[in-house]
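One structure below.
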There are 2 protein chains.
Amino acid sequence: MAAMSIIECVPNISEGRDPGVVARIASALRDIAGVRLLDVQSDAAHHRSVLTLAGEAGPLKLAVLELFEQAMAAIDLREHKGEHPRMGAVDVVPFVPIEGVTMEACVALAKDVAQEVAKRFGVPVYLYEEAASAPSRRNLEDVRRGEFEGLAAKMQQSGWQPDFGPHKPHATAGATAIGARMPLIAYNINLATNRLDVAKKIAAGLRMSSGGYRFVKAMGLALEDRGIVQVSMNLTNYEKTPIFRVFETVKREAARYGVNVLESEIVGLVPSAALMQAAEFYLQLEGFSAKQVLENKLRGAE
Amino acid sequence: MAAMSIIECVPNISEGRDPGVVARIASALRDIAGVRLLDVQSDAAHHRSVLTLAGEAGPLKLAVLELFEQAMAAIDLREHKGEHPRMGAVDVVPFVPIEGVTMEACVALAKDVAQEVAKRFGVPVYLYEEAASAPSRRNLEDVRRGEFEGLAAKMQQSGWQPDFGPHKPHATAGATAIGARMPLIAYNINLATNRLDVAKKIAAGLRMSSGGYRFVKAMGLALEDRGIVQVSMNLTNYEKTPIFRVFETVKREAARYGVNVLESEIVGLVPSAALMQAAEFYLQLEGFSAKQVLENKLRGAE
């Protein structure tokens, strides 16, 4: 039995206030065979919705094209104001390898979809993260800086021509960033103290931007109602910067201040492999393989 | 999307020397829709083969009935001699809950299959482990004591009437134990020492039979070629006696003798939940749920 590959796709669209529009788009995506719509989250303040899809490459491509069709008919960015930065009606489309599929395959899918979106809808597309055509385009924040209103000028600057499509924004739909990335893990560690300075110092030591681990974004914050503090993190590549290493580092750094780790928490979803890594590390498992996980064997994966 | 339930079934048959017979049986099982034959292991010295099947209750029942049909046609216990204790042509049939299914459902399946086997094939059946009709029948070793040759006399003893079928063994197929149990985990911890007495003392402290954990079978042995010793275990219920607790106990007891844990190893398959438990424990994860595992969400399971 051939292993099924699973890719996750998490498009963000610039509509978070009209439930009817979001419901119509969701319904159109549900009709596509081979794609599962796992989640829809709308945020009115951000005026933005996040859709979570899963499937194989072919059906996901059809779903993203359908999404552009629907979103472009319903959204006019000239009238869009929200708290979240955005440059497109379909603002960003990341593909994420989950199982039985490589990052390279997700990069290829991102490029294929980007080309087709530009051709069919006349929307300029930037490739980002693992699919980026230059290091300066890896970070979504850099690609999107200036937002919809600044796009026309940005596209004339050297180095900011889009990867596909016209060199000017679409009148109502702006431009889109399409790319491939590892799954994000939202991971928090709570400290048994109310000392915010300790959480902030630990966060600074952990995050890449101030010298910490390559795939960690971190900040220290207070949980006022509980009288404790938290190191709040995004782990952007759990294979290369694993959860257990981050946890052990926080525990050690906290001890330096006489502070204990109270607990940690994973917000939202986590790939099973990220937890397997931790089990393997702490149990000092030698020669362990994902093939030994009963569920993987039962499903014919690996 | 309804979650699929997965039950594992691991019948042991008393034929391990004629590859043609085992292949015919395997082939008949592969033909049953809704059942996957994951593994077949034959042992000539034991004169025994272990088959690993997976599927939902209905198809597994059909598979076990087909297995009796085939095995009874090919095996005559009167001519069977091997190193492994046995009392039946189909010696033992455990059902194991893996995913989306309770132990109670596996017990019900064991009873249903046992009744049908007795009726259709005239083979007496003992229920064992979680399906046992009395505590004295829980352990397979107790049920099987006396083996095929002692069955006729045993069935006349008070307390050893079979649960289903005639009160005398089948002339060529003996009797069968059918039951339900948790998945077994074969788990070894290697110590950085050649002191066999240390491994034996730790094993004695761990195993239920000498006062240790309820669901641990353990022994100490030497790995001569590596010059180290091993605490070799079967964990018979990882939910109630989890891997991490066993590992931490061995680490602590070894330290008492000035010995370090070198590594641990899982032999064969392990349910993903057993490793998730370890990650949850060591990372001090609060409020974590299996629903947060991406793969579970993708498959529509809990």
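The values are calculated or read from the model by the stated rules, or taken from the named source; none is laboratory data. As the structure is a prediction and not an experimental result, all values here were calculated from the model. In this analysis, Cβ positions are derived from the backbone assuming ideal geometry, glycine residues included, and neighbour counts consider all displayed protein chains. Ligands, DNA and RNA are excluded from the accessible area calculation, which covers all protein heavy atoms including side chains. Shrake-Rupley method; radii C 1.70, N 1.55, O 1.52, S 1.80 Å.
Brief remarks on what is shown
- In this entry, A:Glu286 is excluded by the filter for residues that are surrounded by 19 or more Cβ atoms within 10 Å (Cβ to Cβ), acidic (Asp, Glu) and within 14 Å of another protein chain (Cβ to nearest Cβ).
- Subset of the range B:247-262 [charged (D, E, K, R) and surrounded by 16 or more Cβ atoms within 10 Å (Cβ to Cβ)]: B:Glu248, B:Lys251, B:Glu253
- The set of residues from the range A:1-39 being within 14 Å of chain B (Cβ to nearest Cβ) and surrounded by fewer than 19 Cβ atoms within 10 Å (Cβ to Cβ) comprises A:Met1, A:Ala2, A:Ala3, A:Met4, A:Ser5, A:Arg30, A:Ala33, A:Gly34, A:Leu38, A:Asp39.
- Test result for A:Ala177, free of Cβ contacts under 8 Å to residues at least 40 places away in the same chain and of a type in the set (A, V, I, L, M, F, W, C): no
- Residue ID - nearest to A:Glu286 (Cα to Cα), chosen from residues in the range B:273-283 that are in contact (Cβ under 8 Å) with a residue 12 or more places away in the chain and more than 7 Å from chain A (Cβ to nearest Cβ): B:Ala274
- Out of A:Ala73, A:Ala63, sole residue that is free of Cβ contacts under 8 Å to residues at least 60 places away in the same chain, assigned to a helix (DSSP H, G or I) and surrounded by 19 or more Cβ atoms within 10 Å (Cβ to Cβ): A:Ala63
- Number of the exception - B:Ile7 against (1) under 16 Å from the mean Cα position of the chain (by Cα); (2) in a helix (DSSP H, G or I); (3) not hydroxyl-bearing (Ser, Thr, Tyr): (2)
- Positions within the range A:234-272 being within 9 Å of chain B (Cβ to nearest Cβ) and under 20 Å from B:Lys297 (Cβ atoms), in sequence order: A:Ile243, A:Glu265, A:Ile266, A:Val267, A:Gly268, A:Leu269, A:Val270, A:Pro271, A:Ser272
- Among (1) open to solvent by less than 50 Å² (accessible area, probe 1.4 Å); (2) over 26 Å from B:Ser5 (Cβ atoms); (3) part of a helix (DSSP H, G or I) - the single one B:Gly58 does not satisfy: (2)
- Selection within the range B:258-272 - modelled with pLDDT of 95 or more and either within 17 Å of A:Glu280 (Cβ to Cβ) or out of contact with any strand residue (DSSP E or B) (no Cβ under 9 Å at 6 or more places or on another chain) (or both): B:Gly258, B:Val261, B:Leu262, B:Glu263, B:Ser264
- Qualifying residue in the range A:190-205 (condition: at pLDDT 95 or above, open to solvent by less than 20 Å² (accessible area, probe 1.4 Å) and within 14 Å of chain B (Cβ to nearest Cβ)): yes
- The residues in the range A:206-220 that are in a helix (DSSP H, G or I) and crowded, with 21+ Cβ neighbours inside 10 Å can be counted, and the count is 1.
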